[in-house]
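This report refers to the structure that appears directly beneath it.
Read the figures in this text as sums done on the coordinates, not as results from a lab. Worth saying up front: this structure is predicted, and the values here are computed from it rather than measured. Counting neighbours? That spans all protein chains shown, and the Cβs are built from the backbone with ideal geometry, glycine included.
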């Protein structure tokens, strides 16, 4: 591994961590799309900053661009407050217009500016190590590494200092203001951090990857845990993992690093989405299927309870009577048998003692509709575990 | 090229005519379908889908190896639809909210698309140049067949819209009721979403991935301010969209170095701004005027009530009082007094005022009933 390769991976990982922290809160606050809006609307700020400083890495440019990001948030909130359109429409209106202004500003001054929209939107991580920061004549590393590093340090400091406040205002804004810290300040603080991070990172990895790095690791982490600290930790791990694996994928394919990091993020999210222990698609579908059978079993037992006549309880009759398919009635019958709820005698089904108490409890539950009782029932009769 | 020259050229110059027609049709279709997106609170879906279409374009190119715009658009359509249904899957099956789902699909698909595009660029055949025009759009590349294609799609949209008008409208405003009436809501839902995706894909070549969402939203958001009726809104939105397309093309053609897409978006944005401010019933300007007027009326009534309470203490209601008493009362100004005189509630005689019969009666009934003449 050459020096430049290591530096690229360090920058990518730093960006991933710096994005994952505000991203987690954005996802929890249902404001993920704001990050997309900010990432587009910083363009005019960058262009104006570039006219003034002629340096994509200057602090003034970052400040100006971050300011445009905050203006976006304020504008969206203002439009939303007028009640003329909904919030999502407000977001969808503001950022394309600001972005268009940026594009036109670049186009009108194309001759004197070395600024490309592609570069802003997509970034080029591969070139990051070539722009070195010189202090007193000695080379201390790539500029973007220092920029994103200092943003990360600020973010982490703020996170540790205001963790409690952030947590409360994220989950219960009412309580937060009752306790005396303003949710508004928290909101704008978070927005500012998100803005600054977006701006600091766009040069290295591009605006779109910033959005991906903010949302995808946090969303994946949210599917695995419901603990805020763990969620932050998982999000950071996911981000760093995809940053490094994405780099090697780009190396192998000889394609855009930002693109392959995003693709790795996508694959990561897809696998979490499918296989997450309790919130993943497969787990959810399995649970839904189980619940369907559970309900079927209850219906079946209630049916038996209500009918003493032999012909109503004949195995074949059940197919027609409750309108079940053959397979389904067989599953339900097997399940009931396995749990000793019924006995089948000469193809006639009857409830056992255990089945009777269970049915009575079920009726009780249906009448009172208290969740605790169904939990009891599950314990008493290990329904689907046996 | 100045404007006059432009207008003479529109009818003679092939390229300009094609582009103007193309953007006008595109604007109309987007306005039409955008109305539904805005009202269904799916505004940002457009943004997500347009980004999600990018890998489809790249894959279609990788498979066919040709830059035939129609095959690329089919690729875009397929990947846009996959994105849409994945978004839906995330929202319904997990506890992630719609904004997270949109942002995820948007950035992940776009990143994947970028990976494919850079991968294609490194390929040894020379045919790949120009795929990145789908990023920001290039109206200048529109040819007559593209415009015909757009017109056919627009006609199809219009036909389906008219055919399923009742169902769309019902689903829009009361999904549960639609279901109880026995309509297949899933089918209608998929139908309208597919057409929104189609409109977005259609616009990719002209305004590009990034700005497409504004194309969809802005005309509809502007039209929404002028009316409360769905049919009027859809028609208005198409008109706004078409005009944004035409004006945008005109402006960008009359200047150097201006790409069409961003100009169209800004023109549409100006429409929205005008609608927000000047719409008679919802606009900010008239709302402010109404607010001031109501406040003035209230102050007038307050002054009248104050006078009434003074006059009450005398047997003769028209007993004159000095104006000075009123100075302590904060609702009082010279102009309110003058207005009261105009309305014949009060007579003024030098520095003295007295309540008239009419004024006394109005004041005594002020809080009991709505005043008849609602000025």
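Label points 7 Å out from Cα along the Cβ direction at residue B:315 and residue A:283: separation in nm?
9.0
If the chain between residue A:237 and residue A:78 were fully stretched, how many nm would it gain, using 0.36 nm times the residue separation less the Cα-Cα distance?
On the way: separation 159, 0.36 × 159 = 57.24 nm, distance 3.64 nm.
That pair, residue A:237 and residue A:78, stretches by 53.6 nm at full extension.
Give the shape of the range A:161-246 as rounded, prolate or oblate, defined through the alpha-carbon gyration tensor: a ≥ b ≥ c are the square roots of its eigenvalues, a/c under 1.5 means rounded, and otherwise the shape is prolate if a/b is larger than b/c and oblate if not. Don't skip to the answer; put the middle values down first.
Values: a/c = 3.06, a/b = 1.52, b/c = 2.02.
Oblate shape, in that a/c is at least 1.5 and b/c is the bigger or equal ratio.
Which of rounded, prolate, oblate describes the range B:3-279, given a ≥ b ≥ c as roots of the alpha-carbon gyration tensor eigenvalues and a/c under 1.5 marking rounded, otherwise prolate only if a/b is larger than b/c? If you can, show how the numbers build up before the last one.
Working: a/c = 1.78, a/b = 1.11, b/c = 1.60.
Since a/c reaches 1.5 but b/c is at least a/b, the shape of the range B:3-279 is classed as oblate.
Between residue A:330 and residue B:176, what FRET efficiency follows from the Cβ-Cβ distance if R0 is 35 Å, with the result rounded to 0.05?
0.45
Given only helices, namely DSSP H runs of n ≥ 4 each adding -39500 (n - 2.57), what is the per-residue ellipticity at 222 nm of chain B, to the nearest 500 deg cm²/dmol? Display every interim value, and only then the final one.
Numbers: 15 runs with 276 residues, N = 375.
The per-residue figure over chain B is -25000 deg cm²/dmol.
Can you compute the FRET efficiency between residue A:290 and residue A:357 using 1/(1 + (r/R0)^6), with r the Cβ-Cβ distance and R0 = 30 Å? Round to the nearest 0.05.
Details: r = 22 Å, r/R0 = 0.74.
Plugging the Cβ-Cβ distance into 1/(1 + (r/R0)^6) gives 0.85.
Pick out which of A:39, A:242, A:343 has the largest mean-square fluctuation in a Gaussian network model of chain A, springs linking Cα atoms closer than 10 Å.
A:343
Roughly how many nanometres apart are two label points built 7 Å out from the Cα toward the Cβ at residue B:159 and residue B:255?
It works out to 4.0 nm between the two label points.
First obtain the Kirkwood hydrodynamic radius of the range A:135-206 from its Cα pairs, then insert it into the Stokes-Einstein equation at 37 °C and 0.692 mPa s, and state the resulting D in µm² per second as a whole number.
Working: Rh = 13.9 Å.
Stokes-Einstein gives a translational diffusion coefficient of 235 µm²/s.
Per the helix-only calculation at 222 nm, which mean residue ellipticity applies to chain A, given -39500 (n - 2.57) for every DSSP H run of n ≥ 4 and division by its residues, nearest 500 deg cm²/dmol? Could you put the intermediate results ahead of the total?
Values: 17 runs with 293 residues, N = 386.
Counting only the DSSP helices, I get -25500 deg cm²/dmol.
Work out, in µm²/s and without decimals, the Stokes-Einstein translational diffusion coefficient of the range B:74-231 at 4 °C, 1.567 mPa s, Rh from Kirkwood over C-alpha pairs.
Working: Rh = 18.1 Å.
Answer, rounded: 72 µm²/s.
Using 0.36 nm per residue, how much length does the chain from residue B:41 to residue B:292 gain when fully extended, once their Cα-Cα distance is taken away?
Working: separation 251, 0.36 × 251 = 90.36 nm, distance 3.23 nm.
Stretched out fully, the residue B:41 to residue B:292 stretch lengthens by 87.1 nm.
How many nm separate the modelled label positions at residue B:327 and residue B:343, each set 7 Å beyond the Cα in the direction of the Cβ?
It is 2.5 nm.
Taking every pair of Cα atoms in the range B:285-364, average 1/r, invert it to obtain the Kirkwood radius, and report Rg/Rh to two decimals. Numbers along the way, then the final one.
On the way: Rg = 13.0 Å, Rh = 12.9 Å.
My calculation puts Rg/Rh at 1.01.
Please tell me the relative contact order of chain A in percent, rounded to the nearest whole number, where contacts are Cα pairs under 8 Å and at least six residues apart.
Values: 492 pairs, mean separation 70.9, N = 386.
That works out to 18 percent.
Could you give the alpha-carbon Rg of the protein assembly as shown over 2.2 N^0.38 Å, rounded to two decimals?
Normalised by 2.2 N^0.38 Å, the Cα Rg of the protein assembly as shown equals 1.20.
For chain A, set up a Gaussian network in which alpha carbons nearer than 10 Å are linked by springs, and say which option among A:365, A:286, A:222 fluctuates the most.
Largest GNM mean-square fluctuation: A:365.
Would you mind classifying chain A by shape? Square roots of the alpha carbon gyration tensor eigenvalues, ordered a ≥ b ≥ c; an a/c under 1.5 is rounded, otherwise it is prolate if a/b is larger than b/c and oblate if not. Each step should come with its number before you reach the end.
On the way: a/c = 3.01, a/b = 2.47, b/c = 1.22.
Prolate, since a/c reaches 1.5 and a/b exceeds b/c.
Before anything else, pin down the relative contact order of chain B: Cα pairs under 8 Å, at least 6 apart, normalised by residue count, whole percent.
Numbers: 519 pairs, mean separation 80.2, N = 375.
In percent, rounded to a whole number, it is 21.
Once the Cβ-Cβ distance between residue A:230 and residue A:305 is put in as r, and R0 is 56 Å, what FRET efficiency do you end up with, to the nearest 0.05? Intermediate values should be presented prior to the final figure.
On the way: r = 46 Å, r/R0 = 0.82.
With a Förster radius of 56 Å, E is 0.75.
Over the Cα atoms of the range B:227-298, what radius of gyration and what Dmax do you get, in Å?
Radius of gyration, then largest Cα-Cα span, for the range B:227-298: 16.6, 56 Å.
Which of B:288, B:123, B:351 moves the most in a Gaussian network model of chain B with Cα springs under 10 Å?
Maximum among the listed residues: B:351.
Show me the three semi-axes of the equivalent ellipsoid for the range B:233-273, from the C-alpha gyration tensor (sqrt of 5 times each eigenvalue), largest first, rounded to whole Å.
With the √(5λ) rule applied to the range B:233-273, the semi-axes are 20, 9, 6 Å.
Could you give the length gained by full extension between residue B:187 and residue B:13, i.e. 0.36 nm per residue of separation minus their alpha carbon distance, to one decimal place?
58.2 nm
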